[in-house]
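Take a look at the structure set out below.
The values are calculated or read from the model by the stated rules, or taken from the named source; none is laboratory data. All values reported here derive from a predicted model rather than from experimental measurement. Cβ placement follows ideal geometry from the backbone for every residue including glycine, while neighbour counts extend to all protein chains displayed.
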Amino acid sequence: MNLSIGLSEHAAFVVLPKLLAILARAPGIVLRIRNFDHRNEVISLLDSGELDLTVGVPHTPAGRILSEHLFEEAFVCSFARSIRKQTLS
């Protein structure tokens, strides 16, 4: 089975290591990874059949492209103690 996946840079960093570990135990799957930068590019690649699925594409209007929310991330800002007393804007 061939599987073509499009990943944004961030999605590749977060999802790809675990995905590769899982697929290593799945014989017969040939994985092709493609990076993408722009949402419009990905929709064209899905429409043409060049990609089977993508991770990192924002939701499109209902019914246009099937999507499933995978997870949420929390981001933090860390800074040096010397910054603490300054006003952050």
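Tell me which residues, restricted to region 35-46, are surrounded by 15 or more Cβ atoms within 10 Å (Cβ to Cβ) and in contact with a Leu (Cβ under 9 Å, 6 or more places away or on another chain). Those that are surrounded by 15 or more Cβ atoms within 10 Å (Cβ to Cβ) and in contact with a Leu (Cβ under 9 Å, 6 or more places away or on another chain): PHE36, VAL42, LEU45, LEU46. Residues that are loosely packed, with under 11 Cβ neighbours inside 10 Å and under 19 Å from LEU66 (Cα atoms) do not occur anywhere in region 4-27. Within region 45-64, being at pLDDT below 85 and small (Gly, Ala, Ser) holds for GLY56, ALA62, GLY63. Listed conditions (1) farther than 14 Å from ASN2 by Cβ; (2) among the basic types (Lys, Arg); (3) under 16 Å from the mean Cα position of the chain (by Cα) are all met by ARG25, apart from (3). Number of residues in region 65-89 that are under 22 Å from LEU3 (Cβ atoms) and either modelled with pLDDT under 70 or among the charged types (D, E, K, R) (or both): the value is 1.
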